[in-house]
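Enquirer: Below: one structure in structure tokens.
The values are calculated or read from the model by the stated rules, or taken from the named source; none is laboratory data. Model, not experiment: these values are computed from the prediction. All Cβ positions, even for glycine, are placed from backbone atoms using ideal geometry, and neighbour counts span all protein chains on display. Heads up: the accessible areas ignore ligands, DNA and RNA and are worked out on the full protein's heavy atoms, side chains in. Shrake-Rupley method; radii C 1.70, N 1.55, O 1.52, S 1.80 Å.
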Amino acid sequence: MSKPIDYDAPRRPAVEVEDDGLEELKARGAAAQSPRVDLDEAEAAEKFELPGADLSGEELTVAVVPMQPDEFRCPRCFLVHHRSQLAAQPDGREVCRECS
């Protein structure tokens, strides 16, 4: 099982990486994770309010249009597509090109 790669970390030659001891790696991993940063970001997000963000009095109205004769519903992704996106399947099901 390979270990995950941190692409943001400074790169070192492979020889140095192999020489690191288990204790050194644990200490470095613990130092890299600071929960204080996460808590500060959460506190800042709670205090920040966008102007006009209160939408409690608004009502959402959407016009629902029935499926047109030149459309089909893909049984895999459940999206309605135009017939130009139809891909033929050997079992006869109408599947979109993205799912085929």
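Enquirer: Given a 1.4 angstrom probe, what's the average accessible area per residue across segment 51-100, in square angstrom?
Expert: Heavy-atom accessible area per residue stands at 86 Å².
Enquirer: When Lys and Arg each count +1 and Asp and Glu each count -1, what net charge do the other residues less than 12 Å away from Glu71, Cβ to Cβ, add up to?
Expert: 0
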